[in-house]
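Taking it in order: structure first as structure tokens, then the write-up.
The values are calculated or read from the model by the stated rules, or taken from the named source; none is laboratory data. Here the structure is a predicted model, which is why all the values come from computation and not from measurement. As a convention, Cβ positions derive from the backbone with ideal geometry for all residues, glycine included, and neighbour counts pool all protein chains shown.
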């Protein structure tokens, strides 16, 4: 009976702050939808940096991480110069894949943050023949301990 | 009993050809995942051009089309310099939204094309107050007739 | 005789830190050249934020800032996951244009930083008829005082 | 005395057509400046395709082409959905570098094309130790014969 241990094994959501610029916008006057997915990549990378993992250590000799699935809902339009907070949660950690849920909020001084986008990313770890292989232990370990 | 009419109302899939370049790739040596979603925007735009609709006619006075949902599966890695074919189908056409399914294939001379990415896009038509409004009739009409 | 006043009018170089991610790289394994120019936009925007200027205040009613010239030299290849420092200097401040010089360095712990890119950007302020107009005083003032 | 031969050795300008989409625009309502430089990469790649050269043949074993200098003037603002024509000229062809001049025009039915951007790109050919090496003969040959 280890309910407490289970709880401590839950990943604390990771938070990443950034701002949007003209390069992120489009002629409709808002953030272009694919840019949110790029922002999510930044947040996932920073999650690993903050936990002491350098993802480049796992991309030698043709090994690499590949996004195999994205599902994103865009709730409100993000704006030029808006400060964003990205919350990253681990949804599942399987033998050869990770699934993250990421929520992007617009931060407004003196007002509630507003939800702009929620996205899920499934990520596989491939060898140099593009075959899925076991996720590196160093990766799964930092994801299964609290921040 | 109008089965024939129904059939003629089915959108013929639209095909768009393009090539990838360095700007579309990443350090893993393949096409960066968000780029496929940009390619899909190109294909949807060209679908309307080919059917005589200029989408800019519907984006005056603050009206615009907004992507509200994306779901994409990435099956194989696309490569630098690869010729792509994007097949665009209409999945549904509702009062205030359209849903497209788009499949991206890598074209190989003398070999079968290979499926790189399948993606669905839900698109809403918003007014200048960001409220959903009825999709313009000119848009829905060209989608419901054969090519 | 106001040499001291002249000196205090020199802009202190502004420094901005960021990291590169897969989205910034290409299949040659390095940072794609146009991405450096996007990074420079981020650094210029943050310069104004740090000095209390919100550039969005000057882009209402069709007014906007337009890049009219870029000249960039790429000295060394930037890498995935590299931490960058962007140094931004004002080269000239004319009636209807600003010219910035920006240097992008790769930061290496326990080693000298390495120069990746030097770029100059000339920026005009246009009205809603796309005619150059006088740069807003709030902009020029913060550029001509020390940080 | 071979003036005629000299003339026939001049590269015929190469022309490439494309259209802009939302992904290419920014919140100022026009094409984002770095996108023109991406468009130029497309046009250079297509120049070689049209002359029977596959640039990927020269990027094995760590060899690659690197942009070492860009200088661009932005004359008019390009627009969403605008059809562009990119004219590519060879300015110089040295032992270890090429310099191209590229002009981007907006095409308007029944009106003169308008010049949006002129850019020069200097490109080096690097070996796997990032040292400049002799430009491949297949590259220089197709550049020095007429189209």
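Here are a few things to note about the model shown:
- Output for the stretch C:14-32, where each listed residue is surrounded by fewer than 17 Cβ atoms within 10 Å (Cβ to Cβ) and within 13 Å of the chain's Cα centre (by Cα): C:15, C:17
- Residue check, residue C:69 part of a strand (DSSP E or B) and touching a strand residue (DSSP E or B) at 6+ places or on another chain (Cβ under 9 Å): yes
- Residue check, residue B:85 part of a loop (DSSP other than H, G, I, E, B) and at pLDDT 95 or above: no
- Residue within the stretch D:81-88 that is surrounded by fewer than 19 Cβ atoms within 10 Å (Cβ to Cβ) and free of Cβ contacts under 8 Å to residues at least 24 places away in the same chain present: no
- Scan of the stretch A:42-65 for residues that are free of Cβ contacts under 8 Å to residues at least 12 places away in the same chain and farther than 19 Å from residue A:96 by Cα, ordered by number: A:49
- Among residues of the stretch A:24-45 being more than 7 Å from every other protein chain (Cβ to nearest Cβ) and outside any loop (DSSP other than H, G, I, E, B), the one that is farthest from residue A:83 (Cα to Cα) is A:44.
- Subset of the stretch D:67-98 [facing another protein chain (nearest Cβ under 7 Å) and closer than 21 Å to residue C:74 by Cβ]: D:67, D:68, D:69, D:70, D:71, D:72, D:73, D:74
- When the stretch D:102-115 is filtered for residues that are within 18 Å of the chain's Cα centre (by Cα) and within 14 Å of chain C (Cβ to nearest Cβ), the ones remaining, listed by number, are D:102, D:104, D:106, D:115.
- In the stretch A:103-147, residue surrounded by the fewest Cβ atoms within 10 Å (Cβ to Cβ) [restricted to those that are in contact with a helix residue (DSSP H, G or I) (Cβ under 9 Å, 6 or more places away or on another chain) and part of a strand (DSSP E or B)]: A:123
- Note on the stretch B:46-65: residues that are within 14 Å of chain A (Cβ to nearest Cβ), surrounded by 15 or more Cβ atoms within 10 Å (Cβ to Cβ) and not in a loop (DSSP other than H, G, I, E, B) total 4.
- Restricting B:91, B:98 to those that are closer than 22 Å to residue B:130 by Cα and either within 16 Å of the chain's Cα centre (by Cα) or surrounded by fewer than 15 Cβ atoms within 10 Å (Cβ to Cβ) (or both) reduces the list to B:98.
- Flag if residue D:35 is at pLDDT 95 or above, surrounded by fewer than 16 Cβ atoms within 10 Å (Cβ to Cβ), under 17 Å from the mean Cα position of the chain (by Cα) and under 28 Å from residue C:125 (Cα atoms): no
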